[in-house]
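Taking it in order: structure first as structure tokens, then the write-up.
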Amino acid sequence: MKPYFRRIICLLCALLALSPAFGAGAQPCLSEEGMEKFTFRELSIFDTEITLIGFAPSREAFDSVCEEVFDALRYLDRVFDAYHGDAEINNLYEVNRLAAEAPVEVPEELFRLIAWCKEMWENGLRSTNIAMGAVLSIWHEYRENGTKEPDSASLPPMEALQEAAAHVSLDDVILDPEKQTVFFSDPALLLDVGAVAKGWAADAVLPLLMERMPSFLLSLGGNVYAGEPPLDGRSAWAVGVQNPRPGEWADRGGAILDIMDVTGLTVVTSGDYWRYYTVDGVKYHHIIDPDTLMPSRQAVSVTVICKSSALADFLSTTLFVLSWEEGLRLTERIEGVEALWVLPDGTVHSTPGIDAYSRYLKPASGGNAP
Ligand code: AMP
Ligand code: MG
């Protein structure tokens, strides 16, 4: 493994080690006796459905953990929001509005997220580029309009995309760790952390969950984190991998393509079915290839399993843009990362280690259809 990947992994492992259940001072598992399973669902955060399932001694105990977790997620949603201003915090929208004029002091979570993504970019992982906001905002506008008024849906002009693509260098995002400020040396640059925000948020609430309710399953749209095993006799949480084409590929288990049995791991999926609009009968989704400036057609879904949800989220977007062969080579260089690709022709590929979790597919590396 290259030194910089080792450094990234060490950094993430150090973060995870802060949580009691993963660290050296791990707490013993709670006994199953007297523990009940509870579920809470919320639709207004991160523009997605968030579900927390957990085993707790009482409804009150579960509610109190839920309140803290969802307060933290609500706050992070405000901080990472690129589309709405915030009167109280310098969130991403405010950074995009002000950072070309003067350095903007930002909340710690936002600073650390930008710094981490910039480090990944500097280390050569450039398919997920959070400085592509100028390009992504054009796609966002056309997708929003095309969804509201499907009859007049159109594609963004390539000239506009290319013009925006001249302003996507993370070298132009100047960070001052002491003052915790962000400055743009390119006034046309915009940040968009949509590719990593949910994963980062899942990791952020992990220490709290591990301390207060270690047997949990947290799902933020396509990002799922499974804590310690469920206290109902099962040895792992079952996390479904969605069938990206349930209509066309109904013979592959209907809505669920596979089930991953996991504990202490995150399962994150990037798919072309989450956000898209249709122009002249063709679907245009939300994951944009920085080279072509068009929605990537390499895969229809990519699922990543590892210990850090931020890394899994970053990588799911990265692998979605790369060919699966390039992606496989990348995963081989990063310890503890497994991935599953579903390609547009329906073939499924995976890293060999997916076997440890996959219930049905168990595809050999090199790929085979389910
Ligand atoms: P995900 O579902 O995690 O793959 O993230 C998709 C979101 O990331 C999109 O809605 C955009 O906000 C953003 N995005 C799309 N393409 C890219 C890219 N190549 N680099 C960085 N962010 C992207
Ligand atoms: Mg992602």
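The values are calculated or read from the model by the stated rules, or taken from the named source; none is laboratory data. All values reported here derive from a predicted model rather than from experimental measurement. Every residue, glycine among them, receives a Cβ derived from its backbone with ideal geometry; neighbour counts consider all protein chains shown. Side chains are part of the model used for accessible areas, which takes the heavy atoms of the whole protein and leaves out ligands, DNA and RNA. Shrake-Rupley method; radii C 1.70, N 1.55, O 1.52, S 1.80 Å.
Before moving on, here are some points about what is shown:
- Subset of the range 229-247 (residues that are more than 20 Å from Ile50 (Cβ to Cβ) and touching a residue at least 12 places away in the same chain (Cβ under 8 Å)): Pro229, Leu231, Asp232, Gly233, Ser235, Ala236, Asn243, Pro244, Arg245
- Top-ranked residue in the range 298-310 [being open to solvent by less than 10 Å² (accessible area, probe 1.4 Å) and within 13 Å of ligand 1 (Cβ to nearest atom); ranked as farthest from Ser127 (Cα to Cα)]: Ser309
- Hits in the range 150-182 (condition: open to solvent by 60 Å² or more (accessible area, probe 1.4 Å) and either more than 21 Å from Asn91 (Cα to Cα) or under 26 Å from the mean Cα position of the chain (by Cα) (or both)): Pro150, Asp151, Ser152, Leu155, Met158, Glu159, Gln162, Glu163, Ala166, Asp171, Ile174, Pro177
- Given (1) touching a Leu at 6+ places or on another chain (Cβ under 7 Å); (2) open to solvent by less than 60 Å² (accessible area, probe 1.4 Å), number of the condition Asp313 does not satisfy: (1)
- Qualifying residue in the range 130-149 (condition: assigned to a loop (DSSP other than H, G, I, E, B) and surrounded by 20 or more Cβ atoms within 10 Å (Cβ to Cβ)): yes
- Test for Asp291: is it surrounded by fewer than 20 Cβ atoms within 10 Å (Cβ to Cβ), more than 10 Å from ligand 2 (Cβ to nearest atom), of a type in the set (Asp, Glu) and in a strand (DSSP E or B): no
- If you go through the range 140-157 and keep only what is of a type in the set (S, T, N, Q) and touching a residue at least 40 places away in the same chain (Cβ under 8 Å), you end up with Thr147, Ser154.
- Among residues of the range 311-340 that are assigned to a helix (DSSP H, G or I) and more than 9 Å from ligand 2 (Cβ to nearest atom), those with a beta-carbon under 6 Å from a residue that is open to solvent by less than 10 Å² (accessible area, probe 1.4 Å) and not hydrophobic (A, V, I, L, M, F, W, C) at least six positions away or on a different chain give the pairs Leu319/Gly327; Val321/Ser296; Thr331/Thr351.
- Counting only helices (runs of 4 or more DSSP H) that sit wholly inside the range 1-109, those with at least 1 residues that are modelled with pLDDT of 95 or more are 59-79, 92-98.
- Cβ-Cβ distances below 6 Å connect the following pairs, each with a first residue in the range 110-132 that is modelled with pLDDT of 95 or more and within 13 Å of ligand 2 (Cβ to nearest atom), a second residue that is open to solvent by less than 30 Å² (accessible area, probe 1.4 Å) and small (Gly, Ala, Ser), and a separation of six or more residues or different chains: Thr128/Ala195.
- Of all residues in the range 192-240, those satisfying the criterion of being surrounded by fewer than 23 Cβ atoms within 10 Å (Cβ to Cβ) and basic (Lys, Arg) are Arg212, Arg234.
- Pro207 vs. criteria closer than 25 Å to Pro295 by Cα and either away from ligand 2 (no atom under 16 Å from the Cβ) or among the hydroxyl-bearing types (Ser, Thr, Tyr) (or both): no
- For the range 96-118, the tally of residues that are farther than 18 Å from Gly85 by Cβ and surrounded by fewer than 16 Cβ atoms within 10 Å (Cβ to Cβ) stands at 2.
- Hey, Val279 at pLDDT 95 or above and out of contact with any strand residue (DSSP E or B) (no Cβ under 6 Å at 6 or more places or on another chain) or not: yes
- Note on the range 160-171: residues that are within 18 Å of Leu293 (Cβ to Cβ) and assigned to a helix (DSSP H, G or I) total 7.
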